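Asker: Next up is a structure, given as structure tokens.
The values are calculated or read from the model by the stated rules, or taken from the named source; none is laboratory data. No experiment lies behind these values; they were computed from the predicted model shown. Using ideal geometry, Cβ is built from the backbone for each residue, glycine included, and neighbour counts are taken over all protein chains shown.
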Amino acid sequence: MKRAYLVLGIGLCLVALAIAAPNFSGTWVMNPTKSDQPGGGGGGGRGGGGMGGGEMTITQTGNEMTVTRTMGQNTVETKYVLDGAEHTVNTGRGDLKYKAVWSGEKLTISGTQTTQRGDSPMKAEYSLSADGKELTIANTRQGQSGETVMKSVYDKK
């Protein structure tokens, strides 16, 4: 009987490893030809990760992800907790009250960005290509003219 539980335990561990969430760690460079806004600007997390364009470094360990963006001489670092609970972080453009939730191999960071212009709902969906060399971030924003979705594609450096 003990052997059956051991085999079952090992099997469950292997299944958990097989469906583990992707790791977005690496240095990423905007690919303007594949992105909705050539030259940058749509990128990953003006609230869900970025100021758009330029270079971005992601460090992901356990249930935390740090996104560091460099635009010219400006560097903005944003740390996210990936546990599905509500958190608040400053993105460089104001406070973001968010939840980060895994859905299969996609990470969705959604919440409300508070800026000088007021509160704005946002959502950023992170996904990796099968070979792990391309990161796509789909940003959804609610503005005066309705919902806008912009896709930013980054190549691994």
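Asker: Look through the stretch 72-88, keep the residues that are in a strand (DSSP E or B) and without any contact (Cβ under 8 Å) to a residue 24 or more places away in the chain, and return whichever of them is farthest from residue 124 (Cα to Cα).
Answerer: From the stretch 72-88, those in a strand (DSSP E or B) are 74-81, 87-88; that's our starting set.
Now narrow it down to the ones that are without any contact (Cβ under 8 Å) to a residue 24 or more places away in the chain: 74-75, 77, 79, 81, 87-88.
Working: 74: 22, 75: 20, 77: 16, 79: 14, 81: 14, 87: 15, 88: 15 Å.
Here the residue is 74.
Asker: Let me ask you something else. For residue 93, are the conditions met, namely being part of a strand (DSSP E or B), modelled with pLDDT under 95 and surrounded by 14 or more Cβ atoms within 10 Å (Cβ to Cβ)? It would help to see each step written out before you state the result.
Answerer: Details: part of a strand (DSSP E or B): no; modelled with pLDDT under 95: yes; surrounded by 14 or more Cβ atoms within 10 Å (Cβ to Cβ): yes.
For residue 93, the condition - part of a strand (DSSP E or B), modelled with pLDDT under 95 and surrounded by 14 or more Cβ atoms within 10 Å (Cβ to Cβ) - is not met.
Asker: Which of the following residues is under 20 Å from residue 36 (Cα atoms) and under 15 Å from the mean Cα position of the chain (by Cα): 125, 147, 105? So that I can check it myself, show each step before the final result.
Answerer: Values: 147 fails: under 15 Å from the mean Cα position of the chain (by Cα); 105 fails: under 20 Å from residue 36 (Cα atoms).
None of the other options fit; the residue is 125.
Asker: Give the stretch 84-113 a look and list any residue that's closer than 17 Å to residue 58 by Cβ and charged (D, E, K, R), or say none.
Answerer: Scanning the stretch 84-113 gives 105, 106.
Asker: Where in the stretch 107-157 are the strands (runs of 3 or more DSSP E), entirely inside, with at least 3 residues that are surrounded by fewer than 14 Cβ atoms within 10 Å (Cβ to Cβ) and without any contact (Cβ under 8 Å) to a residue 40 or more places away in the chain? Spell out the reasoning first.
Answerer: On the way: elements: 118-128, 134-143, 146-156.
Of the strands (runs of 3 or more DSSP E) lying wholly inside the stretch 107-157, those with at least 3 residues that are surrounded by fewer than 14 Cβ atoms within 10 Å (Cβ to Cβ) and without any contact (Cβ under 8 Å) to a residue 40 or more places away in the chain span 146-156.
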